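Working notes for the structure below.
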Amino acid sequence: MSDSELIEVIRRVDCFQGISEEDLQTVAAMGHVVEYDKSATIFREGDAAVTSYVVISGTVSLEICAPGFGCRRISTVREGEFLGWSPVLDNLHLTVTGRTVEPTRLVELPKQELLALCERSPRFGYSFMRGIAQTLARRLNAARMQLLNLFGDEAESSLGSD
Amino acid sequence: MNATPAPMPAVNPWLPRMFRIAEIIAEIPSVRTFRLAPESDETPDFLPGQFNMVYLPGYGEAAISISSGSHELRQMDHTIRAVGDVTKAIMRLGPGDQVGIRGPFGNPWPVARLRGKDVLLVAGGIGLAPLRPVIEYLLQNRREFGELKLIYGAKTPEELLYQRQFPAWAIAGLEMEVTVDRGTSAWKGHIGVVTELMRPLHGAKGKTTILTCGPEIMMRFVAREAINLGYDAGEIYVSLERNMKCAMGMCGVCQFGREFICKDGPIFPFPRVASLMQLEDL
Ligand SMILES: Cc1cc2nc3c(=O)[nH]c(=O)nc-3n(C[C@H](O)[C@H](O)[C@H](O)COP(=O)(O)OP(=O)(O)OC[C@H]3O[C@@H](n4cnc5c(N)ncnc54)[C@H](O)[C@@H]3O)c2cc1C
Ligand code: FES
């Protein structure tokens, strides 16, 4: 993938909206493109939180796994989305396992370099952190909706009483 | 409300007309589609989004949306989830059995206003049923509309309605994104709620109309997300459900604030019902 293609991919991501061309180029320069087959594990819950990602193509499923419980898929992250807020918010460890659902291409963005750019360019830092907050707010709202169990449980039981 | 006048029953709207069950399609757990044909020589006439009162002697009536797209075959589909007395009794019927029908009632989706526009349809669970007639209408007249996109969510992959039609809809020009709350390992699609898939359509936001049907809380979140994304609140239409009796604005059973769901709805522009949709005890 050429530098200019990488810049275009990053430009479309919500949390990089509104950043300067110069900062965009810096982010692209720290990026490293990686490819995974389907069902590949990209990271595991508990791994050191050192890398964030942008999904170029494909889909990553986020899972929580436990003995006797298996792995439960809780959400998916798709093309054009930022993945991995834990590293840039200084969490030491990842909170979920990320697995590809289909062949997937990602840009790896090292946490240290992203945070260093935030320090050097507070304007970038403000836009980027605001974007991360907005992404998290969207996911929080979505999680609340999922908690409401909107579709109820009647589908499993209603015809049983025939 | 809508530019399209809703057809009212030509016959006595208090009296059920008898229809025969021509076919029953098992859709998903607890949900079946009943394809009904009139016993008389009437040709059912309805607009996308309207509903009928389906009557079963000895049990009563239930409001059920018409879920088929066209009445060329002189038939109407009703996709029914078994929840209470009437709907569970209907599930025990078989092909050839009769039900009574009063209707069609209610305001349709604002199809006449959609010409030349982009249309975003957001459905949850069995809420896809009242949207199916409008999807069929949009696809039959595909060239009259801009971008057409359906975002559909259900609890699990097994509870996605009308899956057999998805390929045909896609070929006919409907962009689709499907998501479930709980995905099995076999599920390759999205996991999450419908609002997470909402993005601005490629066209101008002012040119987009949003039609949504599903659990009421879902529609509230959909409207809120759409407004956040910059869509015009007046271009968001929701379909509401309340218990019904007369279906003609006479008995007051379905009253919702100043509105009667049966005759002023069930389809409303969001701003008209937004504040009511947040009251706990309506
Ligand atoms: C305009 C309109 C269109 C409708 N379209 C459809 C449709 O296309 N398909 C369809 O299946 N239903 C539809 N409904 C809903 C249907 O009318 C009700 O579910 C109706 O109450 C069923 O009658 P019943 O006698 O079987 O259940 P009731 O005896 O009225 O209810 C039995 C129990 O089920 C609960 N209940 C009622 N409705 C629901 C519900 N929707 N979900 C979960 N629990 C419920 C009640 O709280 C009650 O405890 C529509 C309603 C309206 C107002
Ligand atoms: S059902 Fe009687 S007024 Fe609406």
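The values are calculated or read from the model by the stated rules, or taken from the named source; none is laboratory data. This one's a predicted model, so the numbers in the text were calculated from it and none came from an experiment. Counting neighbours? That spans all protein chains shown, and the Cβs are built from the backbone with ideal geometry, glycine included. Accessible surface areas use protein heavy atoms only, side chains included; no ligands, DNA or RNA. Shrake-Rupley method; radii C 1.70, N 1.55, O 1.52, S 1.80 Å.
If the condition is being part of a strand (DSSP E or B) and within 13 Å of ligand 1 (Cβ to nearest atom), then the stretch B:264-276 contributes B:266, B:267, B:268. Just one of (1) within 14 Å of ligand 1 (Cβ to nearest atom); (2) in contact with a helix residue (DSSP H, G or I) (Cβ under 8 Å, 6 or more places away or on another chain); (3) of a type in the set (S, T, N, Q) fails for residue B:243. It is (2). In the stretch B:167-195, the qualifying residues are those that are small (Gly, Ala, Ser) and closer than 17 Å to residue B:131 by Cβ, and the one that is nearest to the other protein chains (Cβ to nearest Cβ) is B:170.
If you filter the stretch B:106-128 down to residues that are part of a helix (DSSP H, G or I) and over 17 Å from residue B:268 (Cα atoms), you find that the one that is least open to solvent (accessible area, probe 1.4 Å) is B:125. Restricting attention to the stretch B:60-107, the residues that are of a type in the set (Ser, Thr, Tyr), within 16 Å of ligand 2 (Cβ to nearest atom) and out of contact with any strand residue (DSSP E or B) (no Cβ under 8 Å at 6 or more places or on another chain) add up to 0.
A quick yes/no check of all residues on (1) within 16 Å of residue B:119 (Cα to Cα); (2) touching a residue at least 60 places away in the same chain (Cβ under 8 Å); (3) part of a loop (DSSP other than H, G, I, E, B); (4) more than 16 Å from ligand 2 (Cβ to nearest atom):
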site	(1), (2), (3), (4)
B:218	no, yes, no, yes
B:223	yes, no, no, yes
B:234	yes, no, no, yes
B:237	yes, yes, no, yes
B:241	no, yes, yes, no
B:247	no, yes, yes, no
B:250	no, no, yes, no
B:253	no, no, yes, no
B:262	no, yes, no, no
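Scanning the stretch B:221-239 for residues that are closer than 14 Å to residue B:275 by Cα, in contact with a helix residue (DSSP H, G or I) (Cβ under 7 Å, 6 or more places away or on another chain) and within 10 Å of another protein chain (Cβ to nearest Cβ) gives a single hit, B:221. Restricting attention to the stretch A:1-56 and to residues that are polar (S, T, N, Q) and assigned to a loop (DSSP other than H, G, I, E, B), the residue that is modelled with the lowest pLDDT turns out to be A:2. Can you find, within the stretch A:37-61, the residue that is surrounded by the fewest Cβ atoms within 10 Å (Cβ to Cβ) among those that are of a type in the set (Val, Ile, Thr) and without any contact (Cβ under 8 Å) to a residue 60 or more places away in the chain? Ranking the candidates gives A:41 first.
Inspect the stretch B:196-207 for any residue being more than 12 Å from every other protein chain (Cβ to nearest Cβ), in contact (Cβ under 8 Å) with a residue 60 or more places away in the chain, buried (at least 18 other Cβ atoms within 10 Å of the Cβ) and in a strand (DSSP E or B) and give the result as yes or no. No; the residues of the stretch B:196-207 include none that is more than 12 Å from every other protein chain (Cβ to nearest Cβ), in contact (Cβ under 8 Å) with a residue 60 or more places away in the chain, buried (at least 18 other Cβ atoms within 10 Å of the Cβ) and in a strand (DSSP E or B). Where helices (runs of 4 or more DSSP H) sit wholly within the stretch A:62-162, those with at least 1 residues that are more than 10 Å from every other protein chain (Cβ to nearest Cβ) and open to solvent by less than 70 Å² (accessible area, probe 1.4 Å) occupy A:85-88, A:111-120, A:122-147. In the stretch B:76-87 there is no residue that is away from chain A (no Cβ under 14 Å), at pLDDT below 95 and surrounded by fewer than 18 Cβ atoms within 10 Å (Cβ to Cβ). So for the stretch B:178-185 (the condition being open to solvent by less than 10 Å² (accessible area, probe 1.4 Å) and of a type in the set (A, V, I, L, M, F, W, C)), does at least one residue qualify? Yes, the stretch B:178-185 has at least one match.
The residues of the stretch B:135-154 that are in a helix (DSSP H, G or I), surrounded by fewer than 17 Cβ atoms within 10 Å (Cβ to Cβ) and touching a residue at least 12 places away in the same chain (Cβ under 8 Å), listed by number, are B:140, B:142, B:144.
Residues are listed down the side, and each one gets a yes or a no for (1) open to solvent by less than 10 Å² (accessible area, probe 1.4 Å); (2) within 14 Å of chain A (Cβ to nearest Cβ); (3) under 14 Å from the mean Cα position of the chain (by Cα); (4) farther than 22 Å from residue B:23 by Cβ:
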position: B:60; (1), (2), (3), (4): no, no, no, yes
position: B:66; (1), (2), (3), (4): yes, no, yes, no
position: B:91; (1), (2), (3), (4): yes, yes, no, no
position: B:95; (1), (2), (3), (4): no, no, no, no
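When residue A:17 is tested against the conditions (1) more than 14 Å from chain B (Cβ to nearest Cβ); (2) among the polar types (S, T, N, Q); (3) within 20 Å of residue A:130 (Cβ to Cβ), the lone failure is (1).
Per this entry, residue B:30 is not counted among residues that are open to solvent by less than 40 Å² (accessible area, probe 1.4 Å) and within 16 Å of ligand 2 (Cβ to nearest atom).
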